[in-house]
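Below is one structure, written out as structure tokens; comments come after it.
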Amino acid sequence: QVQLVESGGGLVQAGGSLRLSCAASGSTFSIHVRGWYRQAPGKQRELVAEISSYGRINYADSVKGRFTISRDNAKNMVALQMNSLKPQDTAVYYCNFRTPSYRENYWGQGTQVTVSS
């Protein structure tokens, strides 16, 4: 089992920045993919960014050039630096750790990000 705890959400004005962090505890030996998803009210949860153990990174088109995902293997952490935030980035952001096959798939409790115009 893996437990995930997010931090760093909050309220920011459009154009501002926030940094989200996610710390994992438990058995993460087989976890090779770490990422961030978000869910806005009335919408489905969507991938924001993910990074593999081999450094492969995937971003949603809507955040490319503005968000940066990074990982710290030694600390079992993943972070999301969000710059040039827009009101449409407002959502609950969830940390995700998983195996490539999704056989193991863990979620954090979510952290609210609100961007005011």
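The values are calculated or read from the model by the stated rules, or taken from the named source; none is laboratory data. All values derive from a computational prediction rather than experimental measurement. Backbone-built Cβ (ideal geometry, glycine too); neighbour counts: all protein chains shown. When the accessible area is computed, the model is the full protein with side chains, heavy atoms only, and any ligands, DNA or RNA have been set aside. Shrake-Rupley method; radii C 1.70, N 1.55, O 1.52, S 1.80 Å.
Which of the following residues is farther than 16 Å from ARG98 by Cα and either open to solvent by 50 Å² or more (accessible area, probe 1.4 Å) or assigned to a strand (DSSP E or B) (or both): VAL12, VAL5?
Working: VAL5 fails: farther than 16 Å from ARG98 by Cα.
After applying the criteria, what remains is VAL12.
Matching residues to (1) touching a helix residue (DSSP H, G or I) at 6+ places or on another chain (Cβ under 6 Å); (2) free of Cβ contacts under 8 Å to residues at least 40 places away in the same chain; (3) at negative phi:
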| position | (1), (2), (3) |
| --- | --- |
| GLN3 | no, no, yes |
| GLY15 | no, no, no |
| LEU18 | no, no, yes |
| SER21 | no, no, yes |
| ALA24 | no, no, yes |
| VAL33 | no, no, yes |
| ARG38 | no, no, yes |
| GLN44 | no, yes, yes |
Handout entry: From the options SER116, SER21, SER52, SER27, residue that is within 22 Å of GLN1 (Cα to Cα) and touching a Pro at 6+ places or on another chain (Cβ under 9 Å)
Key = SER52
Exercise for the section: Can you tell me which residue within the stretch 17-30, out of those that are more than 18 Å from VAL48 (Cα to Cα) and among the small types (Gly, Ala, Ser), is surrounded by the most Cβ atoms within 10 Å (Cβ to Cβ)? Expected result: ALA24
